[in-house]
Each structure stands twice: as C-alpha cells, then as structure tokens.
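Below: the structure, in structure tokens.
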C-alpha cells in the first residue's frame, strides 16, 4: 500500500524509475506500434477538406464527397417521419427509449444542517421502437381530436424525457410544426414565443404548469394544455379556470387509440418541422424555422462523420431537447437503432445533487457507450477528478500526473497506452459507466486542455463540432481518430464552408499562412430563416446560384488540412461555456446606469462560465466613495487599484444589473477599474466614442487574464 506521506526525494526517484521503464518500453515496442498504427496515422495526416476549385475563395468541402453533397441518410427518406418509420421497420422490438423508475423521494440532512430533497432510483424501464411508434400514432390522433390541424404550430415546453421524443414523432407524423422553448426561459419570453407562433395547443411537463398558470392572461389563444405526468406526484391542474382545457399525456394517447385517423396530412420535405427559439438572452428570442429536409440533410452529414453506431449502442441523454444539439443528436441516434436512456444533470452521476447517498447515478446504471456533453458538464467532470487527485497520497498523485503526461504524448504520436489505461485510468472510466467509447461535445467551444484531459482519463475520444441553430446544429465535426486540438474539424458532407473578407477586423481570404474571414455555411442543412422576421432573415441568409448560405458572424481560419479553426467573433455576441449567449452591448448599456460607471467594456471568454468588465469610473462619484471609506488622500491610480474600492464598485455594478433584470450569467463576476481615460487619441474608442473591443482587450490583456485566473 502506498504511504500517505512521501518526501520529495522519494517522489523524484519514483518518477525517475517510471521514466526509465517507459523509455525502455517505448524502445522495445516502437517498431510494432509504428506498423500497427501506420495506416490510421497516415489517414489522419491527410487532407480532410479542400476547396472545390483549388482557390482559397472557393467553398471547402469534405474530401471524401467532392462529387456532391449528401441530402439523406437513406434513399427515399426525405422527411423526419419517414426516417423514424424506417427505424421502426428495422428495429421494431429493440429498446428505443428508457426512463428510470423513481421509487421514492426523501429529505436528506447534510453535515451543515441543511435538508435537501433526494430521490431513490430503480432500474430503467424501456419502450421498444414499436411501442414508441404506437404511442406517437395515437398521440397524433388524439391531438387531431382535440382540434389540432396540419401545419398549425404546437408548442412542446418540457425538460428532456421520453415523452418529449414521443411528442416530437407524433407531430412529425401529423405535420404539426413543433415550437420549442427552453424550460428555463422567463415568463415574458415564454409568452412572446407562444403568441408570435399563434400556438393553441401546448405539450408541457407537470412541473412547468405553474409557469403557464402565471402567464395565462398573456396567452389568450391557448385552448388546450397536455401535461406529461410525474412518477410520484399527482398533478393539480385546477389553476386553469379561464376556459383552457387541461389533459394528461396518457389520456390524449388513449383518446387517439379510440379515434379514427381523419384529417391527417403527411409532411413534405419543404414543410416546417421545428421552430426552435433561441435562449432569448439578447432580448426577444428568435424562432429558427427548420424544415424536414434541412434536418434530414444534417442528420446524413453528422451520422457519416461520427462513424459506426447502431443498435448495439446506448446513449445517455440529459441536455435540453429544446436545444438543436440534443434534438438533432437524438434523431440521428434513433434513425440508426441506438437506444436512448434519459437522465438529468441532477441524477447523472453517483454524486449528483439529487441522488440519495448510497444510490447509483443514471450513468452508472445505464453504462452507455455514447454520450453527449457540453463544456460546462466536461468542466464539472474535470474538477471532480482533480479534487480526487489532490486527495491522493503523494506517490499516487505522482503516478497519475506522470501517466497523464505520458499518455498525452503518446496520443499526439498516434499510439495507445494499454498498460496505463488498465492500471491508472480504468477506475476513472467507471465514473462514466465504464463503457463509453465516444463523447460528442457541442453547444460552445471546448478548450484544448479539457478535450485532451477527457481523452486521456476516460480512454475514449472527445469529438467536438461547430454549428448553429440556423445550420441545424452543425457545419463541422472532428473526424474519429483525429486527436489534434485547436480546430473544429472539416466540413460535413452535407454542406460547404467558405470564408469571405471582413475588412473591419483585418481578416481576408488572402491572409498568410492561411486564409481567414467570416465563416459562411451553405447546403441542405441551412434553415428557412427566422419566424416572422424577414428583415433579419435577409441579413443573415443569402442564396447564390441556387444554394442557400448562412452568414455565421464567426471568424474562421482554414488550416492546410481543410479543417476549420474559429479565431474571432464578428458580432458582440459571445457564447459562454454554459452555452448561454451574452450580448456585450446590451450588458454595457445596463451597467452604464450605475452612478459609479462612466464607461464600461464587458469581456466574455467562451472557455468560462462568467463575464468580466473593464470599468472606466465616474471620477467624481468614485472620489466621493473613497472619501467615505477614509481614502481621500490617495491619487487616482491608487484609487483604481485599491481592492476595497474595487469590491464596492463591483457591488454597485451587480446591484444595477439585478435592478435591470440582467441574467446571472450576464452580470460581471469581476471588474478592473481603469485609471486611463478612453479617448479616440488612445485608440481605445472610435471618433464617435464607440468601444474598440480588440484594442481594449489587448491593452488590458494582463488584467483580463488575472480576472479569469489565467
């Protein structure tokens, strides 16, 4: 057993011994490893994407599909209902959707005296593809009986669960365009989405009924609400006394089973399948119209890039189904016969906040082979592992760190480390069930450190991609086996990617050594535009030679191997690690209301969960604050660098943000008081005194890094 204490000399000797052993092993095994991995290393070193006519101004395309873009996974399947029907034909009696039993809910007292609600969970209960198809058919007929008509919008407003997927397929079958809204949206945004889309029928979760009750006067068109039941609690729907009819999900399925199917119209490829609303953090949410053919094309491209998966796989799903990443991923999984086990961030692992002590989390019970993730979840996993590492004995910690560094080096060479995987990393892989072979990460940028960490510690590749709701969630995905970092992969075979000059940022397609510019994505996965917003649609979408393109606003660099690297953002809209968007200008306009602020530049790093701010203080009010704190003798620079004054200004800034109802993720967590005057002469603002973000970020680079703990 390793001793709890070890002096530095012992640790150095231990590391020296490991180094000698691994060097010897490398020398002996290198010839065989080189031969066994030669073909794969050569493939990964090849060209992954290339311009169609060899010019940097031409669209880049997946090198394996230069002859044309892919539009469907299966011949003859051009709508989402036809994809599902094909899956039912192939995998009728196999597991499709799994939900874990909730046996009971208990109060658990914590060491600090607080009490939290915890759940005791049982096994997963499964519906087969045939079961899901029957439920979807009957739900669709039940909705017709409740007054729904083809091509009329219906809202699904719920957390991720099996019933959500059943409802999706029912709506696809009966040509009811699905409106999705995040369950975390505020009341005004929910009412806005419902009213803009003229929704009369809402499918929701029982737990979200209070949100609809709160806005019932603001959504006069709604006539029917169908709620998905909870396992333990009986739903009280008596609060709807304004003529709205409330039905349980099960009762509508039963109604459909006893109803003759009349008035059904099969969807066409160009019909709208989903109106997906954004998070609304920049004002009113925007509804992106996704046609059946748009999503079918994207599923074809994504499934081709991910590689082999099918009925032998199980995926754990817990991300919001109102987000395009989760929705598209689940549709792609089901189309290939993969079973889906549902979870939530509160019950995902053994240590998740709602799992009763001693019970197993969903991932331990399900033992998935595939997993979806966002950077925030990856960051939590990373922090959990590193906390355990810090608690290790010195020699154990030294072994872990050595193994990580050694394996990282071997991965870059294209080699495996089976001994370290078995001795060091096998226990860590059990945190994800022990059988995960692919993790697909999206929703926001993933740092190279986290990407490599997951691959090293959990013995499976971490694939990340790049896309937007307007492109059905994808434009690129890193190829399986590509262990390099710092890029988001080559174009999918359903779309092309090209760059155009952005003179304001000094990016051009003729830049050396690689072309740079705004990223445009074109192909069948480019959506129809924004619902009831033709002006914004015409700004962001263009059609050239019959092909539809979306202007992403992101600045990219095409690397020599045809992979894309995102290097900047054209707009002041930044996505945090959580996937939430922060409108820098919107936040700044609010913070300027603070009496201690004269000017402010908000900065958001996509690798973190919070934003920071550079504050040019209002001199008179700051000096008055200093006087009240007994600091009147300090000069201006000393006042701006004083930690106590900075804390007081931060409190005032956060108070202003709260009063103006900014979201928590929009509110700066740290600030820097800037003693310099921002004038056009300094180059930090324009002649019209508008912020120059890049010069400001460069000028205060050290301060920004300090605020982010870099």
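The values are calculated or read from the model by the stated rules, or taken from the named source; none is laboratory data. Not measured: the values here are computed from a predicted model. All Cβ positions, glycine included, derive from the backbone under ideal geometry; neighbour counts span all protein chains shown.
Yes/no matrix, rows are residues, columns are (1) closer than 20 Å to residue 292 by Cβ; (2) out of contact with any helix residue (DSSP H, G or I) (no Cβ under 7 Å at 6 or more places or on another chain); (3) in contact (Cβ under 8 Å) with a residue 60 or more places away in the chain; (4) not assigned by TED's automatic domain parsing to the domain that holds residue 329:
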| site | (1), (2), (3), (4) |
| --- | --- |
| 163 | no, no, yes, no |
| 166 | yes, no, yes, no |
| 173 | yes, no, yes, no |
| 183 | no, no, yes, no |
| 198 | no, yes, no, no |
| 203 | yes, no, no, no |
| 210 | no, yes, no, no |
| 219 | no, no, no, no |
| 231 | no, yes, yes, no |
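For the range 603-620, residues that are more than 17 Å from residue 651 (Cα to Cα) and either in a loop (DSSP other than H, G, I, E, B) or not assigned by TED's automatic domain parsing to the domain that holds residue 666 (or both) total 5.
Restricting attention to the range 428-466, which residues are surrounded by 19 or more Cβ atoms within 10 Å (Cβ to Cβ), under 13 Å from residue 411 (Cα atoms) and in contact with a strand residue (DSSP E or B) (Cβ under 7 Å, 6 or more places away or on another chain)? Within the range 428-466, 451, 454, 455, 461, 462 qualify. Does residue 263 satisfy the condition of being surrounded by 13 or more Cβ atoms within 10 Å (Cβ to Cβ), in contact with a helix residue (DSSP H, G or I) (Cβ under 6 Å, 6 or more places away or on another chain), in contact (Cβ under 8 Å) with a residue 12 or more places away in the chain and more than 18 Å from residue 183 (Cα to Cα)? In short, no. Just to be sure, is residue 224 in contact (Cβ under 8 Å) with a residue 60 or more places away in the chain and more than 26 Å from residue 87 (Cα to Cα)? Yes; evaluated as a whole, the condition is true for this residue.
Of the strands (runs of 3 or more DSSP E) entirely within the range 31-145, those holding at least 2 residues that are touching a residue at least 12 places away in the same chain (Cβ under 8 Å) and within 23 Å of residue 340 (Cβ to Cβ) occupy 95-109, 115-128. Of the listed requirements (1) in contact with a strand residue (DSSP E or B) (Cβ under 9 Å, 6 or more places away or on another chain); (2) on the phi > 0 side of the Ramachandran plot, residue 661 misses just one: (1). When each of 364, 417 is tested for being modelled with pLDDT of 85 or more and farther than 27 Å from residue 123 by Cα, the lone residue that passes is 417.
Screening residue 381 on (1) crowded, with 20+ Cβ neighbours inside 10 Å; (2) assigned to a helix (DSSP H, G or I); (3) in contact with a helix residue (DSSP H, G or I) (Cβ under 6 Å, 6 or more places away or on another chain) shows it passes everything except condition (3).
Checked against (1) under 21 Å from residue 678 (Cβ atoms); (2) surrounded by 16 or more Cβ atoms within 10 Å (Cβ to Cβ); (3) touching a strand residue (DSSP E or B) at 6+ places or on another chain (Cβ under 8 Å); (4) at pLDDT 85 or above, residue 626 passes all but condition (3). Within the range 364-387, at least one residue is free of Cβ contacts under 8 Å to residues at least 12 places away in the same chain, farther than 28 Å from residue 465 by Cα and either touching a strand residue (DSSP E or B) at 6+ places or on another chain (Cβ under 7 Å) or in the same structural domain as residue 484 (by TED's automatic domain parsing) (or both). Restricting 594, 611 to residues that are buried (at least 18 other Cβ atoms within 10 Å of the Cβ) and more than 25 Å from residue 185 (Cβ to Cβ) narrows the list to 594.
Please indicate, with yes or no, whether at least one residue in the range 6-28 is in contact (Cβ under 8 Å) with a residue 40 or more places away in the chain, outside any helix (DSSP H, G or I) and farther than 30 Å from residue 360 by Cα. Looking for residues that are in contact (Cβ under 8 Å) with a residue 40 or more places away in the chain, outside any helix (DSSP H, G or I) and farther than 30 Å from residue 360 by Cα, one finds at least one in the range 6-28, hence yes. Does residue 217 count as more than 31 Å from the chain's Cα centre (by Cα), more than 17 Å from residue 249 (Cβ to Cβ) and modelled with pLDDT under 95? Taking the combined requirement at face value, the residue satisfies it.
Going by the structure shown, is residue 169 within 26 Å of the chain's Cα centre (by Cα) and in a helix (DSSP H, G or I)? It is true that residue 169 is within 26 Å of the chain's Cα centre (by Cα) and in a helix (DSSP H, G or I).
The rows are residues; the columns are (1) over 21 Å from the mean Cα position of the chain (by Cα); (2) within 25 Å of residue 47 (Cβ to Cβ).
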site	(1), (2)
538	yes, no
542	yes, no
551	no, no
559	yes, yes
567	no, yes
576	no, no
579	no, no
586	yes, no
592	yes, no
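Can you confirm whether the range 305-315 contains a residue that is assigned to a strand (DSSP E or B), at pLDDT 95 or above, surrounded by 20 or more Cβ atoms within 10 Å (Cβ to Cβ) and out of contact with any helix residue (DSSP H, G or I) (no Cβ under 6 Å at 6 or more places or on another chain)? So far as the range 305-315 goes, yes, one or more of its residues are assigned to a strand (DSSP E or B), at pLDDT 95 or above, surrounded by 20 or more Cβ atoms within 10 Å (Cβ to Cβ) and out of contact with any helix residue (DSSP H, G or I) (no Cβ under 6 Å at 6 or more places or on another chain). Which residue, of 352, 408, is assigned to a loop (DSSP other than H, G, I, E, B) and outside the structural domain of residue 580 (by TED's automatic domain parsing)? Going through 352, 408 in turn, just one is assigned to a loop (DSSP other than H, G, I, E, B) and outside the structural domain of residue 580 (by TED's automatic domain parsing): 352.
Okay, residues lined up against (1) more than 31 Å from the chain's Cα centre (by Cα); (2) in a helix (DSSP H, G or I); (3) not assigned by TED's automatic domain parsing to the domain that holds residue 609:
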position: 632; (1), (2), (3): yes, no, no
position: 645; (1), (2), (3): yes, yes, no
position: 654; (1), (2), (3): no, yes, no
position: 661; (1), (2), (3): no, no, no
position: 668; (1), (2), (3): no, no, no
position: 671; (1), (2), (3): no, no, no
position: 677; (1), (2), (3): yes, no, no
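Residue check: is residue 441 touching a residue at least 24 places away in the same chain (Cβ under 8 Å) and at positive phi? Considered against the rule, which asks whether it is touching a residue at least 24 places away in the same chain (Cβ under 8 Å) and at positive phi, residue 441 comes out as no.
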